[in-house]
Amino acid sequence: MDRFNGKTVVVTGASSGIGEGIARRFAAEGANVVLAARRKERLDALAAELGTQRTLAVVTDVTNQEDIESAVRSTVDRFGRIDVLVSNAGSAVLKEFEETTLADWRFTMSTDVESCFLGAQAALPHLKLSRGSVINIASASGLGGDRRLTAYNAAKGAVVNFTRGLAFDLGQFGIRVNTVAPSLTMDDQRATVPEYGALIERFNERRALRGYATPADIAGSVTFLASDDARFITGTVLPVDGGITAASGQPNLF
Ligand SMILES: NC(=O)c1ccc[n+]([C@@H]2O[C@H](COP(=O)([O-])OP(=O)(O)OC[C@H]3O[C@@H](n4cnc5c(N)ncnc54)[C@H](OP(=O)(O)O)[C@@H]3O)[C@@H](O)[C@H]2O)c1
């Protein structure tokens, strides 16, 4: 598949997990891929594996405006354009609300939401030229509440509605903006760890599909939304969650 030949895609949080999966998929479909995160050695290793001709590793802290602006400059210096921005970097603090500090709240808001704002602002001049697209990675936790995740619920909910608003502001430039909302996602190796196996079973009780999503599953939905097949889709939230957000919330009745 070569849907993204000649296109340049920036992926934040590309040093592991879902972001790495997204970067791999865009690279496999012909894109130039810019890998942005803090852990240089992981980015360099992935860039080497994918081929340094069409990848660029840029050490970036997404909570830092200068870092994001510099990553965008480096992208354009190297590849001349930006067609897709995937704001995937994110983090959660798992705590009772009573124990959640203002620092926890600000950390989560900064990493999960402000990063999407900063990325879109920095990339905008280039997305206008390419009539490109933005994909923000939210979460099922942005579509409802969870125990011990108030800051994350707030942050991912904000990502979802930021996406909707941004779709309206950028539609005039032919730029589309969408959200993918994963639920439990892990690679097959992690799923073999007993602790995660037990977690998967708990999720199975609440979902239509059994099992778990892998980073490749999330990547497939991201590349779809970035592709011409989605040319009239904007402002949407695509849950990739095995049906967990389709549930009424009632426990299994028998
Ligand atoms: N996995 C799931 O079950 C799941 C479910 C729903 C939603 N999500 C969302 O999916 C996204 C990816 O999650 P994941 O599970 O793949 O997590 P992960 O494996 O922990 O990866 C998080 C990525 O974000 C990067 N990152 C974190 N803080 C950063 C910062 N300040 N600056 C730059 N990069 C930063 C990390 O890179 P460095 O450490 O190298 O900076 C890493 O590449 C997140 O937004 C998460 O909220 C995940």
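For the reader, a short list of remarks on this structure follows.
- Flag if residue 227 is under 20 Å from residue 88 (Cα atoms), in contact with a strand residue (DSSP E or B) (Cβ under 8 Å, 6 or more places away or on another chain) and either modelled with pLDDT of 95 or more or more than 13 Å from the ligand (Cβ to nearest atom) (or both): no
- Answer from 77, 67 - the residue that is without any contact (Cβ under 8 Å) to a residue 12 or more places away in the chain and crowded, with 16+ Cβ neighbours inside 10 Å: 67
- Taking first residues from the range 10-21 that are in contact (Cβ under 8 Å) with a residue 12 or more places away in the chain and farther than 25 Å from residue 73 by Cβ and partners that are within 6 Å of the ligand (Cβ to nearest atom) and not aliphatic (A, V, I, L, M), the Cβ contacts under 7 Å between residues at least 6 apart in sequence or on separate chains come to 18/88; 18/182; 18/185.
- Residue 224 surrounded by 15 or more Cβ atoms within 10 Å (Cβ to Cβ), free of Cβ contacts under 8 Å to residues at least 24 places away in the same chain and within 27 Å of residue 83 (Cα to Cα): yes
- Number of positions in the range 131-184 that are assigned to a loop (DSSP other than H, G, I, E, B), of a type in the set (A, V, I, L, M, F, W, C) and within 21 Å of residue 110 (Cβ to Cβ): 2
- Residue in the range 177-194 that is more than 9 Å from the ligand (Cβ to nearest atom), among the charged types (D, E, K, R) and either over 27 Å from residue 208 (Cα atoms) or in contact with a Leu (Cβ under 8 Å, 6 or more places away or on another chain) (or both) present: no
- Subset of the range 107-156 (residues that are more than 12 Å from the ligand (Cβ to nearest atom), without any contact (Cβ under 8 Å) to a residue 40 or more places away in the chain and out of contact with any Asp or Glu (no Cβ under 9 Å at 6 or more places or on another chain)): 125, 145
- Residues that are within 15 Å of the ligand (Cβ to nearest atom), of a type in the set (S, T, N, Q), assigned to a helix (DSSP H, G or I) and surrounded by 24 or more Cβ atoms within 10 Å (Cβ to Cβ) do not occur anywhere in the range 86-94.
- Hey, residue 71 within 14 Å of the ligand (Cβ to nearest atom), among the aliphatic types (A, V, I, L, M) and not in a strand (DSSP E or B) or not: yes
- For the range 144-158, the count of residues that are crowded, with 20+ Cβ neighbours inside 10 Å, touching a Leu at 6+ places or on another chain (Cβ under 9 Å) and under 24 Å from residue 65 (Cβ atoms) is nonzero.
- Test: residue 162 is in contact with a helix residue (DSSP H, G or I) (Cβ under 8 Å, 6 or more places away or on another chain), more than 10 Å from the ligand (Cβ to nearest atom) and in contact (Cβ under 8 Å) with a residue 40 or more places away in the chain: yes
- Of note, residue 241 satisfies the criterion of being in contact with a Pro (Cβ under 7 Å, 6 or more places away or on another chain) and not aromatic (Phe, Trp, Tyr).
The values are calculated or read from the model by the stated rules, or taken from the named source; none is laboratory data. A quick note: this is a predicted structure, and the numbers were derived from the prediction, not measured. Reconstructed Cβ throughout: ideal geometry from the backbone, glycine too, with neighbour counts over all protein chains shown.
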